[in-house]
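The values are calculated or read from the model by the stated rules, or taken from the named source; none is laboratory data. Being a predicted model, the structure only gives us computed values, none of them experimental. Backbone-built Cβ (ideal geometry, glycine too); neighbour counts: all protein chains shown. Heads up: the accessible areas ignore ligands, DNA and RNA and are worked out on the full protein's heavy atoms, side chains in. Shrake-Rupley method; radii C 1.70, N 1.55, O 1.52, S 1.80 Å.
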Amino acid sequence: MTGGVLVTSVGRRVQLLVAMRAAMQDRGWTGPLVTTDASNLAPGSFFSDHHASVPPIDSSDYLHNLEDICRKYSIRLVVPTIDTELPLLAEARSHFSSLGITIAISSPSAIAVASDKVATAQFLNSRGLPTPRTIPCGQAIAQFTALDAPMLVKPIRGSSSKGVRVICSLSELRAIDDSDSTLVQDFIEGDEYTVSSFVDGSGASLAEIPRLRIEVRAGEVSKGRTTRHPQIEDLVKAVVESLPGLYGPLNVQVIDGPAGPQVLELNPRFGGGDPLAWAAGAQIPRWLLEDVEVPGSVARYNQWLGDVLMTRYDQAVFAFPNGSHHVG
């Protein structure tokens with residue numbers, strides 16, 4: 001198939017690029033693998049055929065620049081990777097589709113739910129799906145007379161565990177000075193999972209692969225293990241089937257506490273720990289290409305392996321004045 005793939009805001013997503021290139025070769029995609037980022041020094045840029053630096057996402061030139069890159073390299077598929085670009089690209093999805101370019105992204109309404117943790121909790125509650133009590137910080141300050149248990153404080157919009165902390169007293173709650181952009185949530189002891197999924201164009205979840213978060217570094221899983229957990233798998237499938245407009249790779253954060261699994265948040269994009277799911281047999285990058293070729297053609301998959309362990313280490317990319325580079 002003619003046409004290339006563009007991975008945006010590539011940063012350190014080297015494993016995604018390696019998997020995407022393998023999927024392109026497997027499916028016979030003849031176009032280039034292209035990356036963008038605000039920096040020309042992004043490690044992932046050295047693993048693509050072409051790399052372009054782009055303006056900040058909040059720039060009025062960002063979408064125009066992205067469209068120019070797509071035209072230049074005959075891009076057929078755009079793969080977003082970071083939360084901050086999702087609302088903008090969701091709104092642009094129809095325009096790019098009219099150009100013959102698929103953006104692997106959910107609808108604007110689904111992105112609006114997923115990108116706001118309070119909206120996520122409200123949606124889950126409205127569908128009877130289990131989730132911890134979640135309250136905007138300003139409301140909690142006004143209504144709480146005491147804290148009878150620890151609570152989590154986290155940004156309403158955020159990722160990579162930035163700004164997440166535990167509070168144990170009413171004085172700590174009242175001391176929060178960014179209450180308009182912060183929420184409080186019941187703190188639940190238990191095992192935390194990230195569940196990799198892929199949602200096709202009809203809104204069907206093709207797989208649910210729970211990954212136990214054994215160790216997390218800077219908000220990203222550094223050690224994890226795939227785990228067969230029917231309750232969590234069924235819960236994530238129910239979430240997908242309840243939220244119209246989901247499309248593409250999806251990661252669902254779940255805590256398995258004393259009351260059973262509860263959904264913490266939705267991340268409608270590839271996640272940093274997704275390579276573990278791929279290693280277990282769920283070839284989500286390939287499924288994405290197949291669904292672009294023939295929507296609805298990918299069959300549901302449940303043959304992935306449990307108890308596959310991932311433990312990570314860092315690699316360096318060395319670039320030389322003659323334009324060569326190698327990984328060491």
For segment 195-204, give me each residue that is of a type in the set (S, T, N, Q) and open to solvent by 10 Å² or more (accessible area, probe 1.4 Å). SER202
Please state which of the following conditions THR84 fails to meet, knowing it meets all the rest: (1) under 20 Å from the mean Cα position of the chain (by Cα); (2) over 27 Å from VAL294 (Cα atoms); (3) open to solvent by less than 60 Å² (accessible area, probe 1.4 Å). (3)
State the number of residues belonging to segment 36-60 that are open to solvent by 60 Å² or more (accessible area, probe 1.4 Å) and within 19 Å of ALA90 (Cβ to Cβ). 3
Restricting attention to segment 124-140, does a residue exist that is under 18 Å from the mean Cα position of the chain (by Cα), of a type in the set (S, T, N, Q) and surrounded by 14 or more Cβ atoms within 10 Å (Cβ to Cβ)? no
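Quick grid of which residues meet (1) within 17 Å of the chain's Cα centre (by Cα); (2) in a loop (DSSP other than H, G, I, E, B):
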| site | (1), (2) |
| --- | --- |
| ARG225 | no, no |
| GLN231 | no, no |
| VAL254 | yes, no |
| PRO261 | no, no |
| LEU266 | yes, no |
| PHE270 | yes, yes |
Taking the options ALA282, ALA259, name whichever one is of a type in the set (Gly, Ala, Ser) and open to solvent by 20 Å² or more (accessible area, probe 1.4 Å). ALA259
THR102 being open to solvent by 30 Å² or more (accessible area, probe 1.4 Å), modelled with pLDDT of 95 or more and among the β-branched types (Val, Ile, Thr): yes
Any residue at all in segment 2-18 that is of a type outside the set (A, V, I, L, M, F, W, C), without any contact (Cβ under 8 Å) to a residue 40 or more places away in the chain and part of a strand (DSSP E or B)? no
Condition met for GLN315 (closer than 24 Å to VAL221 by Cα and in a strand (DSSP E or B)): no
I'm checking my understanding of the structure. Among residues of segment 226-256 that are touching a residue at least 60 places away in the same chain (Cβ under 8 Å) and over 27 Å from GLU290 (Cα atoms), which one is surrounded by the most Cβ atoms within 10 Å (Cβ to Cβ)? VAL254
Would you pick out the residues in segment 100-120 that are under 18 Å from GLU265 (Cβ atoms) and over 15 Å from the mean Cα position of the chain (by Cα)? SER109, VAL118, ALA119
Here is a list: ILE176, ILE188. Which entry is outside any strand (DSSP E or B), open to solvent by 30 Å² or more (accessible area, probe 1.4 Å) and of a type in the set (A, V, I, L, M)? ILE188
For segment 210-223, which residues satisfy the criterion of being open to solvent by 60 Å² or more (accessible area, probe 1.4 Å) and over 15 Å from the mean Cα position of the chain (by Cα)? ILE214, GLU215, VAL216, ARG217, ALA218, LYS223
Out of LEU288, LEU212, LEU276, I need the residue that is in a strand (DSSP E or B) and at pLDDT 95 or above. Which one? LEU212
